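Engineer: Can you read through this structure? Questions will come right after.
The values are calculated or read from the model by the stated rules, or taken from the named source; none is laboratory data. Since the structure is predicted, the reported quantities are computational estimates derived from the model, not experimental observations. Positions of Cβ are generated from backbone atoms using ideal geometry, with glycine treated the same way; all protein chains shown enter the neighbour counts. To get the accessible areas, we keep the full protein, side chains included, count just its heavy atoms, and leave off ligands, DNA and RNA. Shrake-Rupley method; radii C 1.70, N 1.55, O 1.52, S 1.80 Å.
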Amino acid sequence: MDQVLNALKLPTDRNIRYLLVILLGIIALMALTSGDTFFSFANLQSMSSQMPLLGMLALAMAVCMLTGGINLSIIATTNACSLVMASVITMAPENGMVVLLALLAGLVTAIVIGLVNGALIAYVGVSPILATLGMMTLINGLNVLISGGSVISGFPQALLVLGNGSFIGIPMPLILFVAFAIGMWVLLEHTSLGRTIYLMGSNEKATRFSGINTQKAVLYVYAISSILCWVAALIMMAKFNSAKAGYGESYLLIAILASVLGGINPDGGFGRIIGIALALIVLQTLESGLNLLGVSSYLTMALWGGILILFIALQKRKA
């Protein structure tokens, strides 16, 4: 395998190299089985418009995993933000000030949820998995209670363009994802908070004893995670022209899958944004290709899991 990697002159980062090999294998398979249909502009545009929603959720999960934590409440937070924004918007959907107020209300909702998660973990001492599991259960209950389990729809065109519009042929959701992915890359690799996040994931106690305020850093991390969920909520609302308490329930495990497949260490301390982006492309390419072939979505999920197992095996082979 290493000889193949070297022959292809792929990047030196082992995670990225393996992802590129897997991606090339999938593309070759689809070229043989789907031909021009898979590589058509319409299919490529469809793929690039579907990936960003999962991408935002994967970023929200990854930033927490880098600290050695996890955020199981990302889907509940996304739906809470969308329901809050939808409730405000539908009061006067054509009023620009109302729309801006709705966006602000959704952002505040996200920040509050993130700060509560962070406070439970950093100051109360609850483990991340239990804190965010409890928050997920609480928010899911409130989402259903507030909305009555019904769908809220009827949004202005200015919002819908974020999910279905395009700029010079590039879907708007993809532009949003790329912008926030670059922002997260800058944050993680070129700021003091980013260095603190990696240090905490490597050794939280040593980081704390070195004089870094790790409690404040945890608050920031979970607030950032929730803000990314707010952006995901915007994309979801715009894409479906509706908001509902039960949207995206299957995305939680896929977000974890994309993060781990992208090279994020579940124990924290290691992982890069470029790896997550490549993992998302691998997953979306496989899903779209299998859909064209009429393969069951359940088999697609099984293959995703198989790719993760293969990827981990390749990582551990010379670890």
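Engineer: If you scan segment 12-47, which residues turn out to be crowded, with 16+ Cβ neighbours inside 10 Å and not in a helix (DSSP H, G or I)?
Structural biologist: Across segment 12-47, the qualifying residues are SER34, PHE38.
Engineer: Next question. If I ask for residues that are open to solvent by 20 Å² or more (accessible area, probe 1.4 Å), farther than 16 Å from LEU228 by Cβ, part of a helix (DSSP H, G or I) and aliphatic (A, V, I, L, M), which ones from segment 162-205 would you list?
Structural biologist: Answer for segment 162-205, where residues must be open to solvent by 20 Å² or more (accessible area, probe 1.4 Å), farther than 16 Å from LEU228 by Cβ, part of a helix (DSSP H, G or I) and aliphatic (A, V, I, L, M): MET172, LEU199.
Engineer: Report, by residue number, each residue of segment 48-68 that is within 25 Å of ALA245 (Cα to Cα) and open to solvent by 10 Å² or more (accessible area, probe 1.4 Å).
Structural biologist: Hits for segment 48-68 are SER49, GLN50, MET51, LEU54.
Engineer: A further question on this structure: Could you pull out the residue among ILE129, ILE121 that is under 22 Å from the mean Cα position of the chain (by Cα), within 20 Å of LEU219 (Cα to Cα), surrounded by fewer than 14 Cβ atoms within 10 Å (Cβ to Cβ) and of a type outside the set (Asp, Glu)?
Structural biologist: Working: ILE121 fails: surrounded by fewer than 14 Cβ atoms within 10 Å (Cβ to Cβ).
That would be ILE129, the only listed residue that is under 22 Å from the mean Cα position of the chain (by Cα), within 20 Å of LEU219 (Cα to Cα), surrounded by fewer than 14 Cβ atoms within 10 Å (Cβ to Cβ) and of a type outside the set (Asp, Glu).
Engineer: Conditions first: (1) under 13 Å from ALA76 (Cα atoms); (2) modelled with pLDDT under 95. MET136 passes all but one, so which condition is the exception?
Structural biologist: (2)
Engineer: Let me ask you something else. Contact list please: Cβ distance under 8 Å, first residue in segment 195-216 and farther than 13 Å from GLY269 by Cα, second residue open to solvent by 80 Å² or more (accessible area, probe 1.4 Å) and not aliphatic (A, V, I, L, M), pairs at least six apart or on different chains.
Structural biologist: Here the result reads THR214/ARG208; GLN215/TYR123, each pair linking segment 195-216 to a residue that is open to solvent by 80 Å² or more (accessible area, probe 1.4 Å) and not aliphatic (A, V, I, L, M).
Engineer: Within segment 83-97, take every residue that is modelled with pLDDT of 90 or more and out of contact with any Leu (no Cβ under 8 Å at 6 or more places or on another chain) and give me the one that is farthest from THR214 (Cα to Cα).
Structural biologist: Filtering segment 83-97 for residues modelled with pLDDT of 90 or more gives 83-89, 97.
Then keep just the ones that are out of contact with any Leu (no Cβ under 8 Å at 6 or more places or on another chain); that gives 83-84, 86-87, 97.
Values: LEU83: 32, VAL84: 31, ALA86: 35, SER87: 36, MET97: 38 Å.
This residue is MET97.
Engineer: Now, a different point. Please verify whether SER150 is assigned to a helix (DSSP H, G or I) and either in contact (Cβ under 8 Å) with a residue 40 or more places away in the chain or of a type in the set (Gly, Ala, Ser) (or both), treating the condition exactly as stated.
Structural biologist: No: the conditions fail for SER150.
Engineer: While we're on this one: Count, please, the residues in segment 76-114 that happen to be open to solvent by 40 Å² or more (accessible area, probe 1.4 Å), without any contact (Cβ under 8 Å) to a residue 40 or more places away in the chain and under 19 Å from TYR247 (Cβ atoms).
Structural biologist: 1
Okay, residues lined up against (1) open to solvent by 10 Å² or more (accessible area, probe 1.4 Å); (2) in a helix (DSSP H, G or I); (3) in contact with a helix residue (DSSP H, G or I) (Cβ under 7 Å, 6 or more places away or on another chain):
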position: MET237; (1), (2), (3): no, yes, yes
position: ILE264; (1), (2), (3): no, no, yes
position: ILE281; (1), (2), (3): yes, yes, yes
position: GLY306; (1), (2), (3): yes, yes, no
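Engineer: While we're looking at this one, here's another question. Looking only at segment 288-304, which residues are part of a helix (DSSP H, G or I) and free of Cβ contacts under 8 Å to residues at least 12 places away in the same chain? Step through it out loud before you land on a result.
Structural biologist: Taking segment 288-304 first, the residues part of a helix (DSSP H, G or I) are 288-292, 297-304.
Across segment 288-304, the qualifying residues are ASN291, SER297, TYR298, LEU299, MET301, ALA302.
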